[in-house]
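Below you'll find the structure, written out as structure tokens, and then a few comments.
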Amino acid sequence: MQIPIHSGRLIIRPFRDSDLEPFLAYRNDPDVARYQGWNVPYARESALEFIAEMKTRQFTPGEWLQLALEVRETGETIGDVAIHCMKSDPRQAYLGYSLARAHWGRGYAGEAAQAVLDLLFGELNLHRVVAECDVENAASWRLLERLGFRREAHLVENLFFKGAYCSEYHYAILEREWKQRTKQE
Ligand SMILES: CC(C)(COP(=O)(O)OP(=O)(O)OC[C@H]1O[C@@H](n2cnc3c(N)ncnc32)[C@H](O)[C@@H]1OP(=O)(O)O)[C@@H](O)C(=O)NCCC(=O)NCCS
């Protein structure tokens, strides 16, 4: 798999030990953690363990692979993009992303997602990519819609999460839809 990926402003690459401080900082921001699977405070030991695993992890069915997002111009680590290829069908994958709050609203998540989708639907020949998000996470579902994902489900209070039932949107895009879309751009 062609990693690192170079997009316009980003290098999408495996995590390194030197990512520890920026990674810990955004994982400990309640606004970044709100709709994500980890809790704040997020311990240094957990971050060390995470980076140790992600440094060498390959894109393997049934496991999340999280890649760091580095700004080419400054070398700063500003977030990560996550892909999880389904064990039951390796031509389908989940997509996720997190950015440090200071970098929201600049198109970095969209740029990273676009580069990763090009890889998944290109070199890796995937058929379908799905993403799930809390209905209240408008930044996330707006991003999915900008990328051309289709809202396929609205699940109502389906998940007990961080102390309350929440509702989710499920989004997906197919290889042919992505290719059609990128051909038009
Ligand atoms: C979800 C998340 C990554 C989205 O970040 P984001 O900054 O809104 O998304 P992007 O980086 O693609 O930026 C898009 C915004 O930047 C603006 N923008 C500014 N410069 C831009 C550029 N050069 N190119 C594209 N968009 C640009 C866009 O207009 C858009 O603004 P809008 O949302 O008001 O329409 C971010 O909110 C986050 O990390 N949240 C916490 C973690 C999380 O919840 N992850 C998802 C779990 S499902």
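Among Arg27, Arg101, Arg128, the order of accessible area from largest down is Arg101, Arg128, Arg27, computed with a 1.4 Å probe on protein heavy atoms. Think of a 1.4 Å ball rolled over the protein heavy atoms: region 5-131 then has 47 Å² of accessible area per residue. Rounded if a/c is under 1.5, else prolate if a/b is larger than b/c, else oblate: which is region 84-185, with a ≥ b ≥ c the root eigenvalues of its Cα gyration tensor? Judged from the Cα gyration tensor, region 84-185 comes out oblate (a/c at least 1.5, b/c at or above a/b).
Using alpha-carbon pairs under 8 Å, 6+ residues apart, how would you state the relative contact order of region 5-131 in percent? Averaging sequence separation for qualifying contacts and normalising by length gives 26 percent for region 5-131.
When nucleic acids and ligands are ignored and a 1.4 Å probe is applied, Ser7 ends up with an accessible area of around 20 Å². Measuring nothing but protein heavy atoms, the accessible surface of the chain at 1.4 Å probe radius is 49 percent carbon and sulfur. Averaging the Cα positions of each part gives two centres, and for region 150-185 and region 96-146 these lie 11 Å apart.
Dividing the helix sum by the residues of the chain, where each DSSP H run of 4 or more adds -39500 (n - 2.57), gives a mean residue ellipticity at 222 nm of -9500 deg cm²/dmol.
How would you classify the chain from its alpha-carbon gyration tensor, with a ≥ b ≥ c the square roots of the eigenvalues: rounded for a/c under 1.5, else prolate if a/b is greater than b/c, otherwise oblate? Rounded.
Extension gain Glu63-Ala153, at 0.36 nm per residue separation less the Cα-Cα distance, in nm?
Working: separation 90, 0.36 × 90 = 32.40 nm, distance 2.39 nm.
Extra length from Glu63 to Ala153 when fully extended: 30.0 nm.
The values are calculated or read from the model by the stated rules, or taken from the named source; none is laboratory data. The structure displayed is predicted, hence computed values, not measured ones. Surface areas here come from the heavy atoms of the whole protein model, side chains and all, with no ligands, DNA or RNA. Shrake-Rupley method; radii C 1.70, N 1.55, O 1.52, S 1.80 Å.
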